[in-house]
Every structure is written in C-alpha cells, then in structure tokens.
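Here is the structure we will look at.
The values are calculated or read from the model by the stated rules, or taken from the named source; none is laboratory data. Just so we're clear, the structure is a prediction, and the values are computed from it rather than from any experiment. Cβ coordinates were reconstructed from backbone atoms using ideal geometry, including for glycine residues, and neighbour counts include every protein chain displayed.
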Amino acid sequence: MLIKNGLVVTATKTEKKDIRIVGEKIKEIEAKLDPYMDEELIDASGKYIFPGIIDSHTHFSLHARGITSIDDFYWGGRSAALGGVTTHIDFADMEDSSLMKGLEKRFEETRDSVIDFHFHMVINNSFNPLEQNHQLKEIRDFGISSLKAFTTYRNIYMLSSDKWEPLFKAASENDLIVAVHAEDDEIIEKNIMKFQKENKLDVRYHPDIRPSEAEQKAVKEICEIAYKTNASLYIVHLSSEKGYQVVKDYKKLEDFKLYVETTPHYLLLTMELLNGPKARLYLMTPPLRGKKDNEALWEGVKKTFIDVIATDHCAYNAEQKSKGENSLDIFPGIPGVETLLPLIYTYGVNKGLISINRLVELLSTNPAKIFKLYPKKGTISLNSDADLVIFDPNLKQVLNSFNTHSKAGYTPFEGFEVEGIPITTILRGKVIVKDRKFIGEKGFGRFVKAI
C-alpha cells in the first residue's frame, strides 16, 4: 500500500511525505515514492496523516452491580476506529487474588476486538504487595506495563493507607507504572452522610459530594508517597483546577516520574449539565466541574503539565442510566472514544491552544511511551506498526446521536461543532475505516505487549 501527497504529522514535525506499507509495517517514508504495479494507492492530498490514536483509558464491557457497560470490545472498538483510534488501553480486574487469572478471564472478552488493545491491571485491597510481589513480575513478563489503584470506593477497590508505600516500591522493582484514581474517600464519605441527612442526593449535588478538594487532597498524598519511593505515577482523569495546582508543583521536581491525564469532558463540559433534563447521562466520577476548571486544565495541556488526553469511555444507554435512585447509585460513565480526536483538534488546535504536533504527542506518542508501546505504536517511523489516520481538516460536523456510533445511543457532546474529521483509519496495514465507513473485521484486534 502506498499513501501519497499527505502531510505527515508526528510529535516533532510536519512534512509532506509519501508512506509505503508492506504487510503490517511502515517500510518507506520519502518525499516522492512511485507506486509499484498493482500496489494499492491512497491519495491523501490536502489531508493530514497522524499516527494511530491511542486512547489510554477505556472501559469496554465493564461489569458492575450486575450490569455490563453497553460497548463491548467489538462495538467500542468500532466506534473508536471511526474516530481514528487504533489502540486502546482497557482494564483487567483481579480474580480470586490472582492477577494472571484476572487477565486470562478478561482476554475471553476480547475475541471480537477490531482494534489493538493493552491492559492496566486493577488491584484491590486483597492484594498484598509484600507477599504477592512475584505476581507483579509475572504480569510484567506477560507484557503488562501498569497497575491501577484507587484511593476511593471503600470495600470495592480502595487500597488501605498502609499498602501504598509497599505497592509503589514493588511496582518500581518490577518496572510497572501505577495509575491512580485519586479522590479522598474520607471527604466523600463525610459528604455522603451530610447530604443524605439533607436529602440532597440528586445528580446536581454530585460535584458537592465529590468536590475538587477530594481530588486535591488525594493527588497530593499519592504524589508524596510516589515521590518518596522513587516510583512512576500516572494520575488518571484529572478534573479540577485544585488538583491541577498540585500536579503542577510536583511536575517541577526533576527526578519525579509523574504523568497526568485529563479528558475531553473535563476540558469542555461543565456541571450545569447536571441540572438539565438529561442530567443522568452526564454523571461520571469525578464529576463535571466549572468553567475555571476547564480553563486550568487547558493551561496544563498547553504548558505540558498534562501529558495525555484520554476518554475514560464507559458507555451506558439511557435505560441503564435510568436505573438507580440518585447520584450514589446511577451508573457513572459516558461514551467518548470516537470524538476524542475531532474534539481536541477543533477546540485545541483550531483555537490556537496547542500545535498539531502537540495533539499527536497528547493522543498518541505520549501514551505509547508511558505505557511502553513505543515505537511499535505512537509514531510514524520505519518499522513501526502501520497504524495511520488520514484526517480531513476541512470537514465539518455537528455531533449528535446519529453521527456517532456508541451503543449508548447518545454523545455527551451533542451540538458541538467539529471542524476536522478522520476519514480513513489503518491498523497494521489494513484499512478498517474507509471514507468514514467501518470495514474492519471481528477478531483482527490484537493484544500489544509492553516493550
């Protein structure tokens, strides 16, 4: 396959180049390449060519309270591919105190994957980092690069305070990064009791129950422990100005391996949506916050204090979202994997907040480097996987439930106009989206081992 006349964009440069793909790999990148006889030819004139987007935070087929999120590895991957995402990093839970058993069980759900995938290994309080260190080596040898741990959700995921330091030490010894959902559980529990007494548990009170102070406190405490133990830390879905100010300070420590992720909804949506008739559809944790939080997070993106924009895609349809009485038991999560690239291009690049190279860094190169998938993924270079997105910067669209493809049946970005849309997606040399139509095959997606 030969792609001609496109503007090839990486994290460091933008050049008009032709790209030749042989099998699953990029084999030539030159100013001018002539097609071979019978070689498939794609003309990318007037288009950008990005490395395949990597969404480093998704929840396909998430199981909770007897319900499974609506997008499985086929439907979620299909939606992702239509948005230019060629690799996603999902989650595998422990099973009977075994990390490998949990991974094996999770792999059973990936049979119909249409894009490539990697996993964060979720641990809970039953995991003992001192006694089960060998399990960390086992998953690292298998190809896992990260653990996921929580400072909240007591009796489900939350780690007790005495386990954090040994966990960071054990993870560091096994070359694993620890990704943390950071909200202070004590603050949240006290607020739940207070708001229950006042009968204020409606969705509109969700940002008050889980306030930015909870994120601020947890981020500070976790950063301090990780820094003390010389561990690698990845803060997921940073949502607030107060949390941002903490990571901004810790980012200035040269010898601290701290990485920070935010999402399009924390950059573009506000908590006013939690007062509307469709408020349940906008409930996630952490909650939506205010305009000043949006602005602070954009500053972090612009000034490189934030390393990654991912989606935390966890899709439920309206019927699933209708279950539950209040903000404590409505299923939290929204769809977003498909709209990641067009939203950040439109409201980041087109608004002059970030360069197009910075977009590639945030959405592809950085996640690949952080989770040890680079240079197989996350770049356009010789012998890298031929994961490419052909992107039309002139196409406009107003996002709605009809032109997005999650089985949730809605987009939280309803009414947002995007200017710049992926039209072709290539995964390991195979076209899986052509002229904005999905043509991929079930089972083509593959586990990507950390390098």
>> Whether any residue in region 122-132 is touching a helix residue (DSSP H, G or I) at 6+ places or on another chain (Cβ under 6 Å), surrounded by fewer than 16 Cβ atoms within 10 Å (Cβ to Cβ), without any contact (Cβ under 8 Å) to a residue 60 or more places away in the chain and assigned to a loop (DSSP other than H, G, I, E, B) is what I want to check.
In response: yes
> Can you pull out the residues in region 339-375 that are under 14 Å from the mean Cα position of the chain (by Cα) and of a type in the set (Phe, Trp, Tyr)?
Replying inline: 371
> How many residues are part of a strand (DSSP E or B) and without any contact (Cβ under 8 Å) to a residue 12 or more places away in the chain when one looks only at region 435-448?
Replying inline: 1
> What helices (runs of 4 or more DSSP H), lying completely within region 284-382, carry at least 2 residues that are touching a strand residue (DSSP E or B) at 6+ places or on another chain (Cβ under 9 Å)?
Replying inline: 291-302, 340-344, 356-360, 366-370
>> Anything in region 311-364 that is buried (at least 24 other Cβ atoms within 10 Å of the Cβ), polar (S, T, N, Q), in contact with a Gly (Cβ under 9 Å, 6 or more places away or on another chain) and over 14 Å from residue 264 (Cβ atoms)? List them, or say none.
In response: 364
> If we keep just the residues of region 190-200 that are surrounded by 14 or more Cβ atoms within 10 Å (Cβ to Cβ) and not in a loop (DSSP other than H, G, I, E, B), which is farthest from the chain's Cα centre (by Cα)?
Replying inline: 195
>> So residue 284 ticks every box in (1) more than 27 Å from residue 200 (Cα to Cα); (2) within 19 Å of the chain's Cα centre (by Cα) but one. Which box is left unticked?
In response: (1)
> Going by the conditions given, is residue 381 farther than 30 Å from residue 185 by Cα, at pLDDT 95 or above, buried (at least 24 other Cβ atoms within 10 Å of the Cβ) and among the polar types (S, T, N, Q)?
Replying inline: no
>> Only one of 70, 42, 21 is of a type outside the set (Phe, Trp, Tyr) and under 20 Å from residue 404 (Cβ atoms). Can you tell me which?
In response: 70
> How many residues, within region 82-110, are surrounded by 23 or more Cβ atoms within 10 Å (Cβ to Cβ), of a type outside the set (Val, Ile, Thr) and in contact with an Asp or Glu (Cβ under 8 Å, 6 or more places away or on another chain)?
Replying inline: 4
> Given the residues 77, 102, 66, which is the only one that is closer than 30 Å to residue 49 by Cβ, of a type outside the set (Phe, Trp, Tyr) and either out of contact with any Lys or Arg (no Cβ under 8 Å at 6 or more places or on another chain) or at pLDDT below 95 (or both)?
Replying inline: 77
> Which condition number does residue 397 fail, the rest of (1) farther than 29 Å from residue 28 by Cβ; (2) over 22 Å from the mean Cα position of the chain (by Cα); (3) assigned to a loop (DSSP other than H, G, I, E, B) being met?
Replying inline: (3)
> What about residue 101, is it assigned to a helix (DSSP H, G or I), of a type outside the set (Gly, Ala, Ser), over 30 Å from residue 429 (Cβ atoms) and free of Cβ contacts under 8 Å to residues at least 12 places away in the same chain?
Replying inline: yes
> Among the residues of region 400-434 satisfying the criterion of being polar (S, T, N, Q) and without any contact (Cβ under 8 Å) to a residue 24 or more places away in the chain, which is nearest to residue 384 (Cα to Cα)?
Replying inline: 403
>> Take the conditions outside any loop (DSSP other than H, G, I, E, B), closer than 28 Å to residue 56 by Cα and of a type in the set (Asp, Glu) and apply them to residue 165. Does it pass?
In response: yes
> Regarding residue 203, is this residue modelled with pLDDT of 95 or more, under 27 Å from the mean Cα position of the chain (by Cα), closer than 21 Å to residue 371 by Cα and not basic (Lys, Arg)?
Replying inline: no
